[in-house]
1. I'd like the full set of residues that are at negative phi, modelled with pLDDT under 90 and small (Gly, Ala, Ser), limited to segment 297-336.
2. Have a look at LEU256, LEU265 and point out the one that is part of a loop (DSSP other than H, G, I, E, B), within 25 Å of the chain's Cα centre (by Cα) and farther than 21 Å from LEU389 by Cβ.
3. Consider segment 408-457. How many of its residues are of a type in the set (Gly, Ala, Ser), assigned to a loop (DSSP other than H, G, I, E, B) and under 30 Å from the mean Cα position of the chain (by Cα)?
4. With respect to ALA436, determine if the residue is within 30 Å of SER206 (Cα to Cα) and modelled with pLDDT under 95.
5. Consider ASP58 carefully, then state whether it is in the same structural domain as ALA108 (by TED's automatic domain parsing), at pLDDT 90 or above and surrounded by fewer than 16 Cβ atoms within 10 Å (Cβ to Cβ).
6. Suppose we filter LEU106, LEU137, LEU45, LEU121 for residues that are crowded, with 20+ Cβ neighbours inside 10 Å, at pLDDT below 90 and touching a Gly at 6+ places or on another chain (Cβ under 9 Å); which single one remains?
7. Would you check which residues across segment 1-42 are at pLDDT below 85 and either under 19 Å from LYS80 (Cβ atoms) or in contact with a His (Cβ under 8 Å, 6 or more places away or on another chain) (or both) and list them?
8. Between a residue in segment 340-367 that is closer than 15 Å to ASP94 by Cβ and any residue that is assigned to a loop (DSSP other than H, G, I, E, B) and modelled with pLDDT under 90, which pairs come within a Cβ distance under 7 Å, given they are 6 or more apart or on different chains?
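The values are calculated or read from the model by the stated rules, or taken from the named source; none is laboratory data. Source: prediction; values computed, not measured. Ideal geometry is used to build each Cβ from the backbone, glycine not excepted, and the neighbour counts take in all protein chains shown.
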Amino acid sequence: MNIRKVLVQWIGHSDLRALSASLPAAKANEILDRIGGSSSDADGLGPTKTLLETQEFDEIRLLSNYDKNWNTWFKAWLKKPVKIIEVELNKPTDYAAIFEITNRELNAIKEVKQTTAELCLHLSPGTPAMIAVMVLLGKTRFPATFYETSRNGKSWITHVPFDLIDIIPDVLRNPDVYLQHLASESPAEVEGFEDIIGNSSAIRESVGRAKRAAIRSVSVLLLGESGTGKEMFAQAIHKASPRRDQPFIAINCAALPQTLLESELFGHAKGAFTGAAKERLGAFEAANGGTIFLDEIGECELETQAKLLRVLQPITGEGAGIRKFSRIGEERERTVDVRILAATNRNLHHAIQKHQFRDDLYYRLAAVTINLPALKERKSDLPVLTKHLLGVLNRQFALEDPTYQYKILSASANKFVKEYSWPGNVRQLYNALVQAVVLTDGETIGRNELAAALGEFSGRESLQAAELNQELGDGFHLEEHLKSVQKHYLEQAMLQSRGVKVKAAHLLGMKNYQTLDAQMKRLGIRQDWDNTSN
């Protein structure tokens with residue numbers, strides 16, 4: 001039987017840097033501006049071309065999440081009969097997506113070739129996540145021969161000195177074991193994170209990741225909707241880190257124009273620009289030894305992004321936090337030790353695709369990414385979070401006014417809090433409580449006072465939340481819930497029609513009022529409205 005050697009691998013940044021050295025300047029710059037580095041950084045021919053120059057394969061299949069034109073240039077440069085499989089991959093560290101793509105490709109080869117192919121996997125190019133998935137699949141579902149290459153133009157078959165097949169079944173039986181480990185402690189039990197309120201699994205997982213990231217000086221990118229507490233998480237990471245006794249400086253990148261933002265970050269010399277009457281210390285110098293938090297980093301203009309990228313460039317042989325920069329209007333280079341935390345509510349992968357955000361800056365910032373859950377993902381935290389925020393407001397107003405009467409929420413207000421979707425997250429909840437506390441005369445804040453604090457958005461959205469966002473389990477009954485929804489609309493129709501059943505039936509799309517009357521009796525809706533005539 002003729003056994004065909006089929007090579008499967010990802011194309012990586014090192015391949016494209018090697019390619020760029022052979023391209024005209026315009027094409028080379030197009031690639032290097034996106035992936036970073038220069039053609040001089042290339043490791044000879046790059047891992048893929050090195051392997052193809054030194055090993056023979058009957059079929060070559062290259063997975064690529066790069067630009068279509070780049071793939072064409074790369075294929076022509078290789079001068080080999082290769083097939084490039086173009087795939088969509090929003091994040092090169094997304095293990096789930098990488099697994100799905102790689103598994104699909106290898107399974108297709110297995111189904112077509114069956115026993116006539118020797119699967120060969122190249123481990124040198126691509127991200128660590130891509131390599132890890134290759135090893136995982138090549139040691140379990142799709143037994144393969146592994147290849148590696150070196151910068152000096154050599155290649156070899158590499159033997160992975162352990163067998164995953166014995167441990168994978170246990171991992172697959174409990175795929176959430178890692179997340180369960182991260183979520184083993186509530187925020188109140190984690191030093192530095194005591195101010196994070198909640199005990200849901202979603203918030204525990206975020207705190208677990210942040211706790212592990214805190215002890216290293218790596219950059220951390222916090223992702224989440226507006227109002228999810230990104231700055232609070234950044235402060236907690238700082239407090240849990242070895243830098244806790246050093247400065248923590250927060251910069252809102254969206255609040256300042258580019259010139260002022262650069263001055264805030266790097267400082268400026270006297271006379272550097274109009275209005276620079278004296279020299280100014282920037283955040284990088286002020287935070288020396290500590291942490292800078294770059295909030296709304298996705299709003300930075302490309303010019304500022306380029307300057308940040310240079311500052312964040314690792315310095316060989318130095319610590320992870322060592323940064324070199326110059327003040328605006330100065331040539332002298334300054335050196336500081338600063339850890340970078342950043343946050344955004346934008347989808348940076350989409351921004352990268354639209355050339356609005358540099359992918360090389362993203363990778364500098366996102367050594368560790370932490371997704372912060374929206375309130376709709378941690379509804380079990382709402383009662384304790386609301387109680388905490390209301391307690392903070394009560395104490396604050398009592399200090400300002402000795403005659404202030406402490407407020408509590410009624411049962412209906414608490415129910416409203418749990419049912420509402422809170423699109424503005426914790427910030428919206430806090431603002432609603434502030435307004436309700438200020439405008440409520442008595443001790444008890446009712447549902448209407450809280451709903452009024454949300455203005456024009458409360459009515460329809462709170463009803464939709466009541467219908468669609470009820471928590472399952474814990475006494476939930478679908479039939480009873482549907483009856484409640486039906487009863488609500490029947491009562492609304494009777495109210496709007498002033499008790500005229502013919503009109504109410506028409507509003508509800510019913511053919512006759514007798515159907516409405518039967519429904520009202522079945523649901524126990526009162527008959528004594530303002531006008532009960534038919």
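1. Of everything in segment 297-336, those that are at negative phi, modelled with pLDDT under 90 and small (Gly, Ala, Ser) turn out to be GLY319, ALA320, GLY321, SER326.
2. Selected residue: LEU256, the only one of LEU256, LEU265 that is part of a loop (DSSP other than H, G, I, E, B), within 25 Å of the chain's Cα centre (by Cα) and farther than 21 Å from LEU389 by Cβ.
3. Result for segment 408-457: 3.
4. So ALA436 does not fit the description; no.
5. yes
6. None of the others qualify; the one that does is LEU45.
7. Hits for segment 1-42 are ILE35, GLY36, GLY37, ALA42.
8. Cβ pairs passing all conditions: HIS349/ASN90; HIS349/LYS91.
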